[in-house]
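Let me begin by presenting the structure, written as structure tokens, before commenting on it.
The values are calculated or read from the model by the stated rules, or taken from the named source; none is laboratory data. Model, not experiment: these values are computed from the prediction. Don't worry about glycine lacking a Cβ; one is built from the backbone with ideal geometry, like all the others, and counts go over all protein chains shown.
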Amino acid sequence: MASKKGFDPVKTLEEIEDKFEMYQILNEKGEVVNEADMPDLSDDELVELMTRMVWTRVLDQRSISLNRQGRLGFYAPTAGQEAAQLASQYALEQEDYILPGYRDVPQLIWHGLPLTQAFLFSRGHFKGNQFPEGVNALSPQIIIGAQFVQTAGVALGIKKRGKKSVAITYTGDGGTSQGDFYEGMNFASAYLAPAIFFVQNNHYAISTPVDLQTNARTLAQKAVSVGIPGVQVDGMDPLAVYKVTKDARDRAVNGEGPSLIEALCYRYGPHTMAGDDPTRYRTSDEDSEWEQKDPLVRFRKFLESKDLWDEDKENEIMEQAKEDVKKAIKEADATDKQTVTQLMEIMYEDMPANLQEQYEVYKEKESK
């Protein structure tokens with residue numbers, strides 16, 4: 001077949017990429033730049049969202065300290081990503097399902113997971129994965145991007161049961177380089193499953209910058225390949241994150257299928273506390289540039305302009321967060337230590353013969 005006269009595939013690509021502009025409501029100074037799209041949030045709701053962001057920033061600081069003291073296990077810092085994480089969760093309903101990555105413990109906490117259990121999860125204790133009734137979520141996924149396929153399945157289950165809820169999953173920019181990223185979105189798209197695929201593009205997959213992971217100008221445009229809406233949002237702007245997530249949820253529960261959201265954000269700390277040194281691959285100038293976009297500073301200025309926030313209120317929340325962490329880590333310390341035999345018992349219904357032999361050995365050791 002002869003090619004279409006004048007057809008230019010390169011120009012077509014450029015035209016598509018040009019359409020994916022960063023969506024924003026609050027600029028870096030906390031000023032509203034998109035009045036028409038201001039979300040319908042009351043003053044109390046705005047204050048609550050800021051409260052959660054401040055509380056979570058303190059949790060992050062305390063968790064890093066606890067990790068360095070040897071009192072927590074695996075930990076992935078979250079400072080800088082509060083707007084992306086918490087404003088998106090704030091747009092959900094309690095019946096919605098969260099399928100998080102390993103950096104997404106804050107969303108689980110605000111969805112109902114007790115802080116004590118979040119600490120136990122970090123320690124690798126099996127009780128950290130025993131979620132209370134009504135907390136619709138899976139445990140944080142360690143395998144990069146695997147939660148995208150799982151989310152497609154959960155969302156399809158929601159649809160088949162006729163529920164008016166969604167499944168949302170989170171990954172970083174590195175997760176979009178995995179095959180599961182495309183497979184999960186394509187499956188959900190084909191079945192119009194109520195899913196939200198949320199990418200926190202903090203610009204580095206550990207030490208690999210995003211421009212070495214893909215030649216695409218945005219990650220949001222990858223939605224085009226599976227026929228779903230995609231949006232790139234300022235991930236340091238809580239109002240914009242809330243708005244695009246709420247809109248995606250509304251479309252999903254109305255039977256319009258899944259959406260992809262790319263939130264441009266930045267992690268101030270290392271990838272995890274397991275030895276990563278971000279100074280080896282990021283410059284101080286880059287850090288300073290993103291600190292000027294801090295979601296807490298931006299939202300604080302906005303709320304102060306509306307006389308909804310002050311230093312005393314913020315200090316009160318910070319002190320409360322410190323007390324909450326102190327209480328939760330004390331409860332985690334008081335939890336019975338996990339034994340090897342317990343781990344084997346909950347892993348297998350019918351234990352293989354070779355492990356049964358090891359089980360008997362450990363059982364004898366633990367009885368002494």
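Taking the stretch 138-151 as the range and being in a loop (DSSP other than H, G, I, E, B) and within 14 Å of residue 198 (Cα to Cα) as the test, the residues that pass are 144, 145. Quickly run through the stretch 186-237 and pick out the residues that are crowded, with 22+ Cβ neighbours inside 10 Å, without any contact (Cβ under 8 Å) to a residue 60 or more places away in the chain and more than 19 Å from the chain's Cα centre (by Cα). 228, the sole residue that qualifies. So for the stretch 63-73 (the condition being touching a residue at least 24 places away in the same chain (Cβ under 8 Å), part of a helix (DSSP H, G or I), surrounded by fewer than 22 Cβ atoms within 10 Å (Cβ to Cβ) and among the basic types (Lys, Arg)), does at least one residue qualify? Within the stretch 63-73, one or more residues are touching a residue at least 24 places away in the same chain (Cβ under 8 Å), part of a helix (DSSP H, G or I), surrounded by fewer than 22 Cβ atoms within 10 Å (Cβ to Cβ) and among the basic types (Lys, Arg).
Only one entry in 154, 135 is closer than 26 Å to residue 250 by Cβ, β-branched (Val, Ile, Thr) and part of a loop (DSSP other than H, G, I, E, B), namely 135. For the stretch 14-49, the tally of residues that are farther than 26 Å from residue 313 by Cβ, at pLDDT 95 or above, of a type in the set (A, V, I, L, M, F, W, C) and assigned to a helix (DSSP H, G or I) stands at 1. The residues on offer are 31, 21, 35, and the sole one that is surrounded by fewer than 21 Cβ atoms within 10 Å (Cβ to Cβ), under 17 Å from residue 232 (Cβ atoms) and more than 16 Å from the chain's Cα centre (by Cα) is 21.
Can you pull out the residues in the stretch 305-348 that are free of Cβ contacts under 8 Å to residues at least 60 places away in the same chain, farther than 29 Å from residue 366 by Cβ and outside any helix (DSSP H, G or I)? Answer for the stretch 305-348, where residues must be free of Cβ contacts under 8 Å to residues at least 60 places away in the same chain, farther than 29 Å from residue 366 by Cβ and outside any helix (DSSP H, G or I): 307, 310. Evaluating residue 250 against the criteria (1) under 30 Å from residue 160 (Cβ atoms); (2) part of a loop (DSSP other than H, G, I, E, B); (3) not aliphatic (A, V, I, L, M) leaves one unmet condition, (2). Residues in the stretch 153-185 that are of a type in the set (A, V, I, L, M) and either in contact (Cβ under 8 Å) with a residue 40 or more places away in the chain or buried (at least 21 other Cβ atoms within 10 Å of the Cβ) (or both): 154, 155, 158, 166, 167, 168, 185. State yes or no: is residue 10 over 18 Å from residue 220 (Cα atoms), among the β-branched types (Val, Ile, Thr) and surrounded by 11 or more Cβ atoms within 10 Å (Cβ to Cβ)? Taking the combined requirement at face value, the residue does not satisfy it. Within the stretch 349-368, the only residue that satisfies the criterion of being of a type in the set (Ser, Thr, Tyr) and either surrounded by fewer than 12 Cβ atoms within 10 Å (Cβ to Cβ) or assigned to a loop (DSSP other than H, G, I, E, B) (or both) is 367.
From 305, 284, 288, which residue is under 20 Å from residue 33 (Cβ atoms), of a type in the set (Gly, Ala, Ser) and either in the same structural domain as residue 206 (by TED's automatic domain parsing) or surrounded by 11 or more Cβ atoms within 10 Å (Cβ to Cβ) (or both)?
Within the list 305, 284, 288, the selection yields 305.
Put simply, of 167, 155 the only residue that is under 29 Å from residue 272 (Cβ atoms), more than 16 Å from the chain's Cα centre (by Cα) and assigned by TED's automatic domain parsing to the domain that holds residue 254 is 155.
What residue, of 273, 318, is over 30 Å from residue 26 (Cβ atoms), under 26 Å from the mean Cα position of the chain (by Cα) and modelled with pLDDT of 95 or more?
273
Within the stretch 88-125, the residues that satisfy the criterion of being in contact with a helix residue (DSSP H, G or I) (Cβ under 6 Å, 6 or more places away or on another chain), outside any strand (DSSP E or B) and aromatic (Phe, Trp, Tyr) are 90, 110, 119, 121. Within the stretch 126-138, being touching a helix residue (DSSP H, G or I) at 6+ places or on another chain (Cβ under 9 Å) and without any contact (Cβ under 8 Å) to a residue 24 or more places away in the chain holds for 128, 129, 130, 131, 132.
Among residues of the stretch 253-281 that are within 14 Å of residue 102 (Cβ to Cβ), those with a beta-carbon under 8 Å from a residue that is among the aromatic types (Phe, Trp, Tyr) at least six positions away or on a different chain give the pairs 267/204; 271/204; 272/74; 272/75; 272/102; 273/74; 273/75; 274/74.
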